[in-house]
Amino acid sequence: MSDLLSAFLHLLLLFKLVAPVTFRHHRYDDLVRTLYKVHNQCPYITQIYSIGRSVKGRHLYVLEFSDYPGIHEPLEPEVKYVGNMHGDEVLGRELLLQLSEFLCEEFQNQNQRIMRLIQETRIHILPSMNPDGYEAAATQGPNMPEYLVGRNNANKVDLNRNFPDLNTYFYYNEKHGGPNHHLPLPNNWESQVEPETKAVIHWMRSFNFVLSANLHGGAVVANYPYDKSPGHRFRNPYRTTNSPTPDDKLFRKLAKVYSYAHGWMHQGWNCGDYFPDGITNGASWYSLSKGMQDFNYLHTNCFEITLELSCNKFPRQEELQREWLGNREALIQFLEQVHQGIKGMVLDENHYNLTGAVISVHGINHDVTAGEQGDYFRLLLPGTYTVTATAPGFDPQTENVIVHPGRPTLVNFYLKRSIAPVNPLRKAPGGGQGGRMQAQLRITKKKDGARKQPHRGPG
Ligand SMILES: [Zn+2]
């Protein structure tokens, strides 16, 4: 009997060493338990929070990894992964649980690469954006799921067609002038979107996310914005048009980092489709309105791509380990991509944060803003750039910057309060006008000084 027991214990130990993570599908309760298990195993580098509830009241839980969970450290970028937005596309959900266990265990094992990643990055993982849809799909079981059951939320709405449409607004501004970033939400937007979408939008607005991926299934390809083509409303939506963002080169590189680090995505031929390098512009595949990745780019500082990860939307349990091994390196490398380009502080002369200061890169019609603590992050490919920081009531400051591969270049801006009246002189920063602007400022300074002579009294 004791021999049997010892053999059993040995087996148990062996199992733990060989397969520390279990490859199975996780229903909602199991998913929550797994998140808490990871948190309890790594309490000092994780935190769990809920961003809201689904239609049926299930929490949308996020697991956060950071060396200071719950705190934004200036100059440390925020990244997110979103899984299972379509409830029947389940691989992303399972991969994000595997990733969570992997990050925790490798940090404990003092894996230098993972320790550095967690020390330098704040990572937010939402394994399921559509837990109600998942339950509907999982009830069918992975063997013969009825096509599209569980794709939508419990109100039968496709969440990736449910974000406010800011593309139309942006395409108009591109032609006629107007903001090229942080486009405002429409009035009453909250009453026009589903609870899951609303929760995610509030989440996006409460963290200064820099990079993100949205994990789907049904194909194997890394898809980058725009998803919506400028002619979407007028043409046949099935007609495909390459619809690049002003950051097209960067997005293509982000998508390629994933596809080439992935076991087979980069090969291009998958699920009967062919995508060169395993990447595609969203609208050049098919145009889609009110999607999440376009919304990230047009409303926030976040650069999001959409990862289609499996031909079969609900893979059999036995396939999960192979999928994890095919995606593991790509999931890590993609997170590491947030450490490129430029970052820094935007402060005034008294070292106060200039939250909302705008960072513009000459030649790229898409600005980003500084976060609540005055820090900004601007993803850029290696090269030489002219970068300007502006804030209302301050003189713009322009710097020439070299971006190297691998590490971000630190560029701080210290803006001086402008003495000139704000409106007439403060136009968008343009190259070559600096000299004239300076001269005008000097003249205004004199006048301003003169006005400061005693001139008080009624009237
Ligand atoms: Zn999908």
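Take LEU298 and decide whether it is in a helix (DSSP H, G or I), on the phi < 0 side of the Ramachandran plot and surrounded by fewer than 17 Cβ atoms within 10 Å (Cβ to Cβ).
It is false that LEU298 is in a helix (DSSP H, G or I), on the phi < 0 side of the Ramachandran plot and surrounded by fewer than 17 Cβ atoms within 10 Å (Cβ to Cβ).
Entry remark, region 298-331: residues being within 16 Å of the ligand (Cβ to nearest atom) and hydrophobic (A, V, I, L, M, F, W, C) number 5 in total. Only one of the numbered conditions (1) within 16 Å of the ligand (Cβ to nearest atom); (2) more than 22 Å from HIS26 (Cα to Cα) is not met by ARG93, and that is (2). Only one of the listed residues (GLN333, GLN337) is open to solvent by less than 70 Å² (accessible area, probe 1.4 Å), within 22 Å of the chain's Cα centre (by Cα) and within 24 Å of HIS299 (Cβ to Cβ). That residue is GLN337. Screening region 152-186 for residues that are of a type outside the set (S, T, N, Q) and within 16 Å of the ligand (Cβ to nearest atom) and picking the one that is most open to solvent (accessible area, probe 1.4 Å) gives LYS156. Listed by first and then second residue, the pairs with beta-carbon distance under 7 Å, at least 6 apart or on different chains, first residue in region 340-366 and in a loop (DSSP other than H, G, I, E, B), second open to solvent by less than 40 Å² (accessible area, probe 1.4 Å) and polar (S, T, N, Q), are GLY356/THR369; ALA357/THR369; ALA357/THR390.
When THR245, THR241 are checked against the criterion of being at pLDDT below 95, away from the ligand (no atom under 16 Å from the Cβ), touching a helix residue (DSSP H, G or I) at 6+ places or on another chain (Cβ under 8 Å) and open to solvent by less than 60 Å² (accessible area, probe 1.4 Å), a single residue qualifies: THR241. For LYS228, the criteria (1) open to solvent by less than 40 Å² (accessible area, probe 1.4 Å); (2) within 16 Å of the ligand (Cβ to nearest atom); (3) at pLDDT 95 or above hold in every case but one, which is (3). In region 200-222, the residue that is nearest to HIS339 (Cα to Cα) out of those that are under 20 Å from the mean Cα position of the chain (by Cα) and open to solvent by 10 Å² or more (accessible area, probe 1.4 Å) is ASN208.
Scanning region 202-223 for residues that are among the small types (Gly, Ala, Ser) and away from the ligand (no atom under 16 Å from the Cβ) returns a single hit, SER206. Against the definition (more than 30 Å from ILE342 (Cα to Cα), within 16 Å of the ligand (Cβ to nearest atom), assigned by the TED database to the domain that holds ARG33 and within 18 Å of the chain's Cα centre (by Cα)), how does LEU60 come out, yes or no? Considered against the rule, which asks whether it is more than 30 Å from ILE342 (Cα to Cα), within 16 Å of the ligand (Cβ to nearest atom), assigned by the TED database to the domain that holds ARG33 and within 18 Å of the chain's Cα centre (by Cα), LEU60 comes out as no.
Exactly one residue among TRP264, TRP189, TRP285, TRP269 is in the same structural domain as GLY150 (by the TED database), within 16 Å of the ligand (Cβ to nearest atom), more than 17 Å from the chain's Cα centre (by Cα) and of a type in the set (Phe, Trp, Tyr), and that residue is TRP285. Within region 96-125, the residues that satisfy the criterion of being within 14 Å of VAL38 (Cβ to Cβ) and either among the charged types (D, E, K, R) or within 16 Å of the ligand (Cβ to nearest atom) (or both) are LEU96, GLU101, GLU105, GLU106. Counting only strands (runs of 3 or more DSSP E) wholly contained in region 24-109, the ones carrying 3 or more residues that are open to solvent by 10 Å² or more (accessible area, probe 1.4 Å) occupy 46-53.
The values are calculated or read from the model by the stated rules, or taken from the named source; none is laboratory data. Just so it is clear, the structure is predicted and the values come from calculations on it, not from any experiment. No Cβ is skipped: glycine too gets one built from the backbone with ideal geometry, and neighbour counts run over all protein chains shown. Accessible surface areas use protein heavy atoms only, side chains included; no ligands, DNA or RNA. Shrake-Rupley method; radii C 1.70, N 1.55, O 1.52, S 1.80 Å.
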